Amino acid sequence: MTRTVAAPGIQPASAEDTRAVFAGLLAFNQAASGDALDDQPVNRVIHDATGRVVAGIAADVCGGWLMVHALWVDASQRGQGLGQALLADAEQQARTLGAHAVTLDTFSWQAEGFYLKQGYEVFGRLQDFPPGHHRLYLRKPL
C-alpha cells in the first residue's frame, strides 16, 4: 500500500526562499564533505578585434571535477579552433586546481562529435530531452 503524505503549506518559492533552500543544502553538504565541494570558477572568454565576445566557457572545479556548464563559439568564428582552445585551457586550469576529471552535458543537436574528438566519452543519454532529441552526458579523465 502506498502511503500518501500530506504536504501542508506548499507554495511557490520566492527568490529569497530558493536561496534559503540552496544555503541549507550547502550547509548539509559541507557538514558531510568539508570544503571538498567548494566551487572554484574556471571561466574564460575570447574577444574579437572590436572587443565583442565571440567565444567562452563557463565552468568550475568542484569535488575534484571540472564541471563545464557552457561552451559557446559564435557561428562566425566556428571552425577556427576557438572551442578546442577554450576547452584545453579550462582543462589545464582545472589540473592546476587539483581536478582529476571533467564532466559536461550537451544536446544531440550540439557538439557530441566535437567532444568525442577531444577525448571525451559518453556515459549517459537521456532520451526525448526535448522530445525527438536527447541529452548526452560526457566525461574525460585529466
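The values are calculated or read from the model by the stated rules, or taken from the named source; none is laboratory data. Just so you know, these numbers come straight off a predicted model, no measurement behind them. Counting neighbours? That spans all protein chains shown, and the Cβs are built from the backbone with ideal geometry, glycine included.
Among the residues of the stretch 20-27, is there at least one that is of a type in the set (A, V, I, L, M, F, W, C), more than 30 Å from GLY81 (Cβ to Cβ) and in contact with a strand residue (DSSP E or B) (Cβ under 7 Å, 6 or more places away or on another chain)?
Scanning the stretch 20-27, I find no residue that is of a type in the set (A, V, I, L, M, F, W, C), more than 30 Å from GLY81 (Cβ to Cβ) and in contact with a strand residue (DSSP E or B) (Cβ under 7 Å, 6 or more places away or on another chain), so the answer is no.
If you go through the stretch 86-93 one residue at a time, do you hit one that is over 16 Å from the mean Cα position of the chain (by Cα) and either in a strand (DSSP E or B) or modelled with pLDDT of 95 or more (or both)?
yes
In the stretch 113-142, what residues are under 17 Å from ILE57 (Cβ atoms) and out of contact with any Lys or Arg (no Cβ under 6 Å at 6 or more places or on another chain)?
PHE114, TYR115, LYS117, GLN118, LEU138, ARG139, LYS140
If you check ALA55 against the conditions, is it within 29 Å of PRO131 (Cα to Cα), among the small types (Gly, Ala, Ser) and touching a helix residue (DSSP H, G or I) at 6+ places or on another chain (Cβ under 6 Å)?
For ALA55, the condition - within 29 Å of PRO131 (Cα to Cα), among the small types (Gly, Ala, Ser) and touching a helix residue (DSSP H, G or I) at 6+ places or on another chain (Cβ under 6 Å) - is met.
Residue by residue, here is whether (1) acidic (Asp, Glu); (2) out of contact with any Phe, Trp or Tyr (no Cβ under 7 Å at 6 or more places or on another chain); (3) under 26 Å from LEU136 (Cα atoms) holds:
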| position | (1), (2), (3) |
| --- | --- |
| ALA7 | no, yes, no |
| VAL21 | no, yes, no |
| ASN29 | no, yes, no |
| ASP35 | yes, yes, no |
| GLN40 | no, yes, yes |
| GLY51 | no, yes, no |
| HIS69 | no, yes, yes |
| THR96 | no, yes, no |
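For ALA99, which of the numbered conditions (1) buried (at least 19 other Cβ atoms within 10 Å of the Cβ); (2) in a strand (DSSP E or B) fails to hold?
(2)
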